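We did not get these values from a lab; they are worked out from the coordinates using the rules stated. Because the structure is predicted, anything quoted here is derived from the model rather than measured. Ideal geometry is used to build each Cβ from the backbone, glycine not excepted, and the neighbour counts take in all protein chains shown.
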Amino acid sequence: MIKKSIAKDIRDNKESMDRRDMLRAAGVAVVAASAFPMHWVAAADKKKQKVLYFTRSAGYEHDAVKLKEGKPSISDRILTELGNRHGFDVVCTKDGTVFDGDLDQYDAIAFYTSGVLTEPNKAKTPPMSPEGKKKLLRSIAAGKGFVGFHSATDSFHSKGPRNENQTERDPYIAMIGGEFIVHGAQQEAIIRAASPKFPGVKQFGQSQKIKEEWYALKNFAKDLHVILIEDNEGMTGDCYQRPPFPATWARMHKKGRVFYTSFGHRDDIWTNPQVQGIIVGGLAWAMGNVKVNVKPNIDKVTPKAGQLKY
């Protein structure tokens with residue numbers, strides 16, 4: 001079981017030095033708090049907020065969430081550092097039984113997960129119980145913030161062919177707003193901004209060409225507010241030969257705020273200042289710290305998102 005506050009770890013032991021060394025090796029330091037004025041927005045009541053970061057893998061475990069020699073993963077470290085700089089705590093765990101406990105203590109729950117999380121895995125980390133999954137979904141519907149990274153859309157799957165859209169979707173997929181199909185080789189893709197007023201987007205810019213492991217996605221919710229678009233123009237691989245579709249989005253799940261970004265595979269994505277801005281902007285919105293109009297725009301900005309082939 002791995003359940004602890006990495007923030008306390010970093011303050012209390014030598015991992016702060018490890019963190020700095022790791023970031024220097026990656027070639028980009030975590031951006032200082034002064035660089036985030038348009039990204040992060042603190043809670044109005046000034047209370048210290050708390051994020052649960054769940055990284056259990058029941059399918060493929062990404063390097064970004066792997067513990068190496070007992071040390072926190074790069075995503076654990078970056079999220080914790082961003083929390084330190086902006087005044088929120090991050091609790092990192094791979095223990096699925098956390099969802100049977102007190103979820104009210106968290107202002108947002110973040111997932112970088114894979115596979116059917118209610119099933120056993122090779123690492124023998126405790127699975128989520130079926131009731132824990134229901135409790136998670138109920139808490140989001142009741143107003144809890146949710147943030148999904150990369151393979152969070154590859155967690156649980158709807159019944160039916162992988163290369164088709166489904167009308168009946170797994171409740172988790174219905175909540176997060178989209179579902180992973182497959183990915184091709186890592187390559188550069190044009191990522192275009194569709195929501196300039198969402199926190200972090202102004203600094204990201206109108207478009208960027210970024211190298212990443214890009215996901216092909218399906219089963220998009222009709223009420224998505226698309227933030228960033230995967231253009232697909234010039235990409236190689238059959239799964240990308242399709243019209244542009246959402247890569248980062250926000251949606252309301254009843255009273256809950258749901259934010260998802262397909263970013264997160266590569267280390268240099270986690271250390272990218274513009275991507276960090278999108279992440280903290282999404283967290284600030286999910287926790288209710290900033291008001292943004294997230295009116296559905298998927299039909300306007302990616303009208304053929306559901307078309308899986310040209």
Starting from the Kirkwood radius over alpha-carbon pairs of the chain, derive D by Stokes-Einstein at 20 °C in a medium of 1.002 mPa s and give it in µm² s⁻¹.
-> 111
Residue-normalised 222 nm signal for the chain, counting each DSSP H run of n ≥ 4 as -39,500 (n - 2.57), nearest 500 deg cm²/dmol, is -6500 deg cm²/dmol
Modelled label reach - Ala142, point 7 Å along Cα→Cβ, segment 282-298 residues with backbone N closer than 20 Å | 286-289
Net lengthening on full extension, Tyr60/Lys254 (0.36 nm per residue, minus Cα-Cα) = 66.8 nm
Using a cut-off of under 15 Å, list every residue of segment 229-258 whose amide N is near the label point 7 Å from the Cα of Arg162 along the Cα-to-beta-carbon line.
-> 238-240
In the structure shown, do any of Lys68/Lys122; Lys50/Lys134; Lys68/Lys124; Lys209/Lys295; Lys159/Lys295; Lys255/Lys304 have a Cα-Cα gap over 18 Å, and if so which?
-> Lys50/Lys134; Lys209/Lys295; Lys159/Lys295; Lys255/Lys304
Percent of beta bridges antiparallel (DSSP, segment 3-301, rounded to nearest 5) | 60
In the chain, whole DSSP H helices that both stretch 24 Å or further along their axis by alpha carbon positions and average at least 0.0 on the Kyte-Doolittle scale are none
Among Ala58, Ala142, Ser129, which residue has its Cα positioned farthest towards the positive end of the charge dipole of the chain, with +1 placed on the Cβ of Lys and Arg, -1 on the Cβ of Asp and Glu, and the dipole taken about the Cα centre?
-> Ala142
Other residues with Cβ under 13 Å from the Cβ of Glu168 give, with Lys and Arg +1 and Asp and Glu -1, a net charge of -1
In nm, the gap between the two label points placed 7 Å beyond Cα toward Cβ at Lys48 and Glu233 is 4.8
Gln166 long-range amide H proximity, modeled H, under 5 Å = Asn219
Compute the length gained on full extension between Lys222 and Ser129: take 0.36 nm times their separation in residues and subtract their Cα-Cα distance, giving the result in nm to one decimal.
-> 30.6 nm
